[in-house]
């Protein structure tokens with residue numbers, strides 16, 4: 001609980017209704033899209049940069065943790081207030097401030113929903129490329145904080161490649177612009193450091209993003225494979241030929257079953273795995289590329305190749321892919337996943353390791369992932385009400401990530417380290433590496449109030465605690 | 001009073017994986033930016049109540065009250081959370097546990113004592129018409145919301161409207177409770193379209209309110225009683241389909257009347273299935289369409305009404321932004337939660353007016369009343385009409 005004078009101070013900034021301190025209401029804010037949760041002491045809704053700055057000054061004065069929060073769709077616990085403090089909600093800052101169709105840029109507030117931006121700029125023939133699967137709900141601010149990816153990031157690059165500049169509020173409440181209107185970030189790339197800093201270095205209050213022209217022609221193809229191994233070999237083969245599709249996604253049979261139940265998009269439910277391939281460009285180049293890809297897939301045990309014939313059909317295929325993780329709720333009410341990345345050539349090995357781990361623990365695993373990037377999403381499916389299984393889920397998740405690292409991979413492709421993977425950072429980074437990161441953190445946030453307990457391993461927390469209140473371990477308050 | 005939340009199903013609640021894809025589909029989340037006013041937040045809250053991991057808090061009832069029940073979240077939810085069923089059960093459980101709220105008790109009383117009884121409702125309709133003539137209804141907000149009442153809809157003699165030309169189908173028609181009083185013209189147009197489509201229309205005598213308003217407001221017992229009475233009535237006749245021209249009623253009949261399974265059809269769904277004859281008249285009008293939540297989301301019918309409207313020669317159809325987001329009417333919501341209802345309506349009107357259409361076509365009386373009142377207050381002369389009326393322009 002925040003002492004009431006501090007609550008009053010906060011209310012003085014954002015208004016009475018925009019500070020939530022009722023303990024029962026705070027429960028609703030204890031989680032994001034991942035499964036661990038912890039109560040904030042207050043939820044504060046900011047509507048302007050000034051609000052964010054003033055709230056930050058109050059927090060700095062009283063050394064209260066601040067965790068910026070968008071839609072709360074993150075998958076690594078980035079928005080979870082693990083040390084309590086203020087959940088600084090930016091969902092009311094959802095204006096698109098300007099769109100410049102000539103420069104192909106937009107200036108947006110952090111609460112703007114990813115897909116909404118693409119819908120609005122479509123009238124100028126433009127789109128915003130990074131497309132996380134949660135784009136219907138997730139915010140551009142959250143995307144920038146997590147350096148989010150998405151299916152089309154294989155070709156277009158992740159969020160940091162599309163952020164030109166940001167207005168940010170630092171831990172002392174000071175407001176700054178980093179970088180600006182052009183794609184060239186001159187001098188020290190501060191914007192590059194802040195994108196993907198997961199709320200540990202700043203709160204983001206405005207984002208200038210790059211927009212791209214909607215390609216004149218888009219082709220989307222579906223291919224079935226007898227197994228997930230053959231499908232991964234096909235992925236390596238495509239990329240090996242020097243072809244980089246706009247997107248190259250894989251789903252295993254478990255996922256396809258769940259997706260078809262809701263979307264009826266025409267995914268083959270009897271296949272061992274399916275690949276969804278998309279290319280774009282001019283009509284001629286997409287035709288040629290798709291023909292080349294089809295040939296490679298065909299040579300690599302692909303069958304039932306089917307190209308979407310209408311935009312509606314294409315959209316439905318994508319809706320199915322993007323809703324895949326949510327659709328897993330049809331099998332079990334909870335999922336636990338790490339988004340490790342491996343070099344593409346190691347996909348077949350890592351996927352068989354994942355399969356074996358699932359079998360060892362007798363836990364169903366659903367794979368749906370950005371195959372072209374080697375970016376895994378093995379979803380371990382379970383029911384949180386079954387307390388017996390929780391420990392096994394944790395161990396299985398950790399072992400899968402261990403397999404990724406042993407094959408030369410990294411801990412996260414796009415979800416961020418957040419809370420879930422902080423304990424594993426030392427697998428990859430030495431004390432020196434982590435020390436260097438700490439020194440950067442100290443520059444931006446010397447008192448450590450910004451999203452504490454994230455990214456950096458915490459000695460007090462060696463393992464992950466699956467929760468959402470049921471088996472929750474809330475850390476002792478540190479302030 | 002306390003509740004053990006026995007109507008809420010833990011298995012239904014457990015289908016929510018907390019992914020958050022529903023958030024921006026929720027009108028109250030879009031306005032407040034608050035997780036407590038979002039589907040994921042409401043499900044989380046009800047789950048904790050059900051499992052006893054959070055004590056029931058009177059202050060939190062408002063989060064359940066503020067839900068429109070529009071079920072947009074249900075249509076976008078990949079994991080198939082049956083939100084409509086959850087919120088109906090949750091509301092019924094909450095009614096047992098909450099401290100008495102005069103407005104809600106009043107509405108429950110009005111539903112049970114008035115809406116459930118056709119004769120009393122007719123009397124009330126007549127009284128309201130008289131009051132309107134005397135300009136008495138403008139005093140109250142709910143009075144100002146009402147359309148100018150005409151003579152109520154009366155089914156034809158013998159309760160049968162014959163097919164025009166060859167009889168291809170026999171359908172039952174839901175006259176309903178408030179619709180014949182508020183919007184008789186919709187029913188007249190709907191029945192005529194059915195006749196044109198070769199349907200003999202049967203008006204089941206003794207049919208009462210379908211119970212949708214009851215179920216949506218936490219009175220499942222009241223809804224069950226009406227279902228019992230109506231089911232007997234429907235058993236007495238034979239029909240290919242029960243055609244409904246009010247989206248809220250259609251959704252309720254589909255979900256709540258197992259005996260009618262597969263036979264309840266929204267008017268547009270049915271017309272798209274059986275086909276209507278080629279339009280006879282050429283019209284010239286710019287039309288936009290506002291989805292009814294209980295048609296677009298609960299029944300997943302978005303294409304049929306649009307296709308039917310587009311097929312009319314001379315209609316210039318313009319798609320509205322956010323057409324499938326609630327207008328804030330939501331049954332009794334506009335009366336029970338006037339502030340939020342108005343905020344949602346204000347946003348909706350921006351999108352409606354931006355279409356520069358002459359006519360906004362709707363598929364549900366609640367939407368019609370809400371949009372009419374909103375447009376009236378803005379001094380707009382845009383006309384709101386039922387999809388049946390829009391289609392009848394061509395005949």
Check: C-alpha center the stretch B:23-45 vs C-alpha center the stretch A:64-88, spacing in Å is 17
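So how do A:293, A:428, A:58 line up by other beta-carbon neighbours within 10 Å, fewest first?
Sorted ascending by nearby Cβ count, the order is A:428, A:58, A:293.
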In nanometres, the difference between 0.36 nm per residue of separation and the alpha-carbon distance of residue A:244 and residue A:17 is 76.7 nm
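Computed FRET efficiency, Cβ-Cβ of residue B:141 and residue B:350, R0 25 Å: what is it to the nearest 0.05?
0.70
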Chain A: relative contact order from alpha carbon pairs under 8 Å, six or more residues apart, as a whole percent, is 17
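Averaged over B:27-35, how many beta carbons belonging to a partner chain fall within 10 Å of each residue's beta carbon?
For peptide B:27-35, the averaged partner shielding equals 6.
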Length-normalised contact order of chain B, Cα under 8 Å, at least 6 apart, in percent, tallies to 16
Quick calc, residue B:164 & residue B:282: beta-carbon distance into FRET formula, R0 22 Å, rounding 0.05, result 0.60
Two pseudo-spin positions, 7 Å from Cα along C-beta at residue A:434 and at residue A:312, lie apart in nanometres by 5.5
1/(1 + (r/R0)^6) with r = Cβ-Cβ of residue A:63 and residue A:443, R0 = 22 Å, i.e. FRET efficiency to nearest 0.05, evaluates to 0.75
Residue A:291 and residue B:307 label points (each 7 Å along its Cα→Cβ direction) are spaced in nm at 3.5
Dimensionless Rg/Rh of chain A, both radii on Cα and Rh by Kirkwood, sits at 0.96
Percent antiparallel among DSSP beta bridges confined to the protein assembly as shown, rounded to 5, stands at 65
Taking a label point 7 Å from the Cα of residue A:95 along Cα-to-Cβ, the residues of the stretch B:339-369 whose backbone nitrogen sits under 13 Å from it are none
Output row, site residue B:259, 7 Å Cα→C-beta label point, backbone N cut-off 20 Å, window the stretch B:163-198, residues B:170-177
So the angle from the long Cα axis of helix B:184-196 to the longest Cα principal axis of chain B, reported in degrees to the nearest 10, equals 60
Final fewest-first order of B:22, B:249 on the 10 Å Cβ neighbour count is B:249, B:22
The distance between the Cα centres of the stretch A:206-243 and the stretch A:128-181, in whole Å, is 22
Of the stretch B:144-161, those with amide N under 19 Å from the point 7 Å along the Cα→Cβ vector of residue B:122 are B:149-161
Note: A:321-331 gets an average of partner chain Cβ contacts (10 Å, Cβ to Cβ) equal to 5
Taking Cα atoms only, helix A:431-444 is inclined relative to the longest principal axis of chain A by an angle, in degrees rounded to 10, of 50
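As a footprinting exposure proxy, order A:163, A:342, B:76, A:244 by other Cβ within 10 Å, with the fewest listed first.
With the sparsest Cβ surroundings first, the list reads A:244, B:76, A:342, A:163.
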Here the percent of antiparallel bridges among DSSP beta bridges lying wholly in the stretch B:285-392, to the nearest 5, is 0
One finds the C-alpha centres of the stretch A:369-384 and the stretch A:1-62 to be spaced, in Å, by 33
For chain A, longest principal axis from Cα atoms; helix A:228-240 axis from its Cα atoms; angle between them, nearest 10 degrees, is 90
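Values in this text are rule-based calculations from the coordinates and carry no lab data. All figures in this text were calculated on a predicted structure; none of them were measured in a lab. Glycine also receives a Cβ, built like all others from the backbone with ideal geometry; neighbour counts cover every protein chain displayed.
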